Structure formats: structure tokens, C-alpha cells
Amino acid sequence: MMDRIVKFAGCLRGPGWAALCCAMVWAGTAKADYRDSIAVLRIGMVETHVASTDPVKLDAIQLAFSKALGIPVEIIKLGSYAALIDAHASGRVGYAIHSARSFAATQAACGCVRAFRIPVAADGSTGFRSVLVARASVTVPVAELKVGYSDETSVSGWQIPHQAITAGSLEMPTLVRGGSVGSVIELYQAGAIDGFFGWLPDIPGDVGSGLERLFGGWNRTALESAEPLRIIWSSQRVPYGPHATNRSLPDDLVEALGAYLDGMATSTPGLLDIFEPTYGGGYVIPDQDEFQNIRGLVEAMPDRQSAVRLP
């Protein structure tokens, strides 16, 4: 038997031996995956996330992701989006649930993250547009309008329109600060303003959202009781906050995460309600270019505002 083994080994000298070595190396590589290199996956989320306030919900998320991925998973709670940006850019978390703006800020800070999914709302929208609406009966130029807005932290209600005004693509109206969306609507009902800045959900393939979905349909009754509105300006589309990973994570781990999120709505709908409480329609792959629409906001605003949640 030993002689036969020696003779077989002799046949493998030269090209034969090289082929066997390559085959052995390939076999070892084929079996290797992210579970061989990632000891634990840390997922970052802000403390304002619904699941962050309930240890039972956090445990459920960690257990479900760990079981699906085959590696330990740890949820890291951060006090603000600014803290989330720092944790993701520094690599202290490998996967984070961002607002669109916090993702753009992280990308601007390090260029080290990639968005791999964005949530879908119950109405099918995957993003929004900032809009300026005014009384249908008013036909004067924008510069002659009295326009309400909530406050300076609102991306759709102030920051995007302000950027458009600064860039010269929108005229400067007389601005009236309401302090909240509800107050702005009350000002409109009372006739104190001609219109206001708001947002409309953006549904892929849809020609445009109707005004009944202004503010996502919130306070629709109050708006319908006031004088009819018309849209006189709309921004570019901004996607909802993405799920993003650090670029250092293996591609097969990112693919596994994407597949798990894609199937969550049907496989574990209860977990989807916990993990994605604001949007209940599952996930889609984002267009990376869409985040460029808010890159200017990130670069123009001070760091302390870079964590404002959209819309």
C-alpha cells in the first residue's frame, strides 16, 4: 500500500502536483466566508429608535440576526445621530440604521460606508420631496408670498428650501416661523400665511403624490377644511434613511444582511414591526446617486446639526 502511495505521489510532480495544490487551496477558500473573519457584528441605532427603549425588543433583534447570520450580534445604542455618525465612521459599529442625512454626513466624513437597503413605507414610498404649497387662489410671485415653516431643524420644511433659496433656484418669500407643523397648519387656516413648506412621499414610478398625502397624510382633515392648495415648487427626491454597512465588512455578509431584510416582512413580520417601526413595507436596494441630493446640506450645515432626522 505504501508503495502505491509513493508511486501516486510521483505522478503528481510538475503540472500534476501544481494542479492538486491549486485545487486544495481553492477548496479551502470556497468554504471560507464572513463567519471565519467576523467575530461579532455590531449594529448601531440611536436611542430614539423604538426598540432602543425596550431590552426585550433589543434581545429579540440580536437573537434573530445572530441566528440568521450565524455570528454573534450586538446592538449598540447611541445618544444621537451625531454619535452614530462618529461610531460608524470610526468602525466601532459595522452596520447602522441612518437617517438619509446622517448617512450622507458619514459618507462625507470618511467615504467608508455603503447603503445597501432603504425602507419602504406602507404607501409604497421610498423617499420624499420637499414642497412649497400655497392657496390655489393666490397667483402672485413667490417673492410676494407669506410662507410658513416649522423650525430650522426640519430638513423638508426649512433646510432643503433654504438651500434652494441660497442657490437661487427658489425666490425668497416672507418667512413666518410656526415652531411646529401643527402651528403652521393653524396659521394657514387662520389666513395668517399664504402657504408653507412641507413634504410629500415619493413612490417609484408614480407621476407624483397628491396633496392629500401632504406630510404623509398627517392632519389631512385640518388641511381639507382650509382653502385648497397647489404645489408651486418641489425639490429633488430624497430617499428615506438607509441601512448601511462599513465598506470593510465582507461582501457576502452584506449580501446575507440584505437577503435577511428582504425576507423579514414575510418570514418574521413581528420583528419588522420592532426593527422598522416607522416604515412597514419592507426594503429595496437604493440608488447611490440619490444621496447626493442632500450632500450639500451636510457640507453647508455645522456638525451639531448633521444628525437631524428626515423628513
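The values are calculated or read from the model by the stated rules, or taken from the named source; none is laboratory data. Note that the structure is predicted; figures quoted are calculated from it, not measured. Heads up, the Cβs are rebuilt from the backbone with ideal geometry, glycines too, and the neighbour counts pull from every protein chain shown. With ligands, DNA and RNA removed, areas are computed over all heavy atoms of the protein, side chains included. Shrake-Rupley method; radii C 1.70, N 1.55, O 1.52, S 1.80 Å.
Looking at the range 118-132, which of its residues are under 10 Å from P239 (Cα atoms), assigned to a strand (DSSP E or B) and not charged (D, E, K, R)?
Passing the criteria: I118, P119, G127, F128.
To keep it simple, each residue is scored yes or no on (1) more than 22 Å from A100 (Cβ to Cβ); (2) crowded, with 20+ Cβ neighbours inside 10 Å; (3) modelled with pLDDT under 95.
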| site | (1), (2), (3) |
| --- | --- |
| Y240 | no, yes, yes |
| T266 | yes, no, yes |
| L272 | no, yes, yes |
| F275 | no, yes, yes |
| T278 | no, no, yes |
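If I filter the range 280-292 down to residues being part of a helix (DSSP H, G or I) and open to solvent by less than 50 Å² (accessible area, probe 1.4 Å), which single residue comes out as farthest from T245 (Cα to Cα)? Write out each step before concluding.
If we filter the range 280-292 for residues that are part of a helix (DSSP H, G or I), which is where we start, we get 288-292.
Filter once more, so that each one left must be open to solvent by less than 50 Å² (accessible area, probe 1.4 Å): 290-291.
Values: E290: 17, F291: 15 Å.
Here the answer is E290.
Within the range 100-118, can you find the residues that are closer than 16 Å to T278 by Cβ and among the polar types (S, T, N, Q)? Before the answer, list the steps.
Residues of the range 100-118 closer than 16 Å to T278 by Cβ: 100-103, 117-118.
Scanning the range 100-118 gives a single hit, S102.
What are the residues in the range 226-243 that are in contact with an Asp or Glu (Cβ under 8 Å, 6 or more places away or on another chain) and aliphatic (A, V, I, L, M), if any? Steps first, answer last, please.
Within the range 226-243, the subset in contact with an Asp or Glu (Cβ under 8 Å, 6 or more places away or on another chain) is 237-239.
V238, the sole residue that qualifies.
Determine which member of the set A143, A68, A136, A83 is surrounded by fewer than 22 Cβ atoms within 10 Å (Cβ to Cβ), among the small types (G, A, S) and touching a strand residue (DSSP E or B) at 6+ places or on another chain (Cβ under 6 Å).
Working: A143 fails: touching a strand residue (DSSP E or B) at 6+ places or on another chain (Cβ under 6 Å); A68 fails: touching a strand residue (DSSP E or B) at 6+ places or on another chain (Cβ under 6 Å); A83 fails: touching a strand residue (DSSP E or B) at 6+ places or on another chain (Cβ under 6 Å).
Testing whether each residue is surrounded by fewer than 22 Cβ atoms within 10 Å (Cβ to Cβ), among the small types (G, A, S) and touching a strand residue (DSSP E or B) at 6+ places or on another chain (Cβ under 6 Å) leaves just A136.
Within the range 120-133, count every residue that is open to solvent by 30 Å² or more (accessible area, probe 1.4 Å) and within 13 Å of the chain's Cα centre (by Cα).
Count: 0.
I'm trying to understand the selection: among the residues of the range 135-153, which are in a loop (DSSP other than H, G, I, E, B) and more than 14 Å from R230 (Cα to Cα)?
S150, D151, E152, T153
Based on this model, can you work out whether L249 counts as in a loop (DSSP other than H, G, I, E, B) and out of contact with any strand residue (DSSP E or B) (no Cβ under 6 Å at 6 or more places or on another chain)? If you could, list the steps in order and put the result at the bottom.
Values: in a loop (DSSP other than H, G, I, E, B): yes; out of contact with any strand residue (DSSP E or B) (no Cβ under 6 Å at 6 or more places or on another chain): yes.
So L249 fits the description; yes.
Of everything in the range 154-182, what is open to solvent by less than 40 Å² (accessible area, probe 1.4 Å), hydroxyl-bearing (S, T, Y) and not in a loop (DSSP other than H, G, I, E, B)? Give them in sequence order.
Within the range 154-182, S156 is the sole residue that qualifies.
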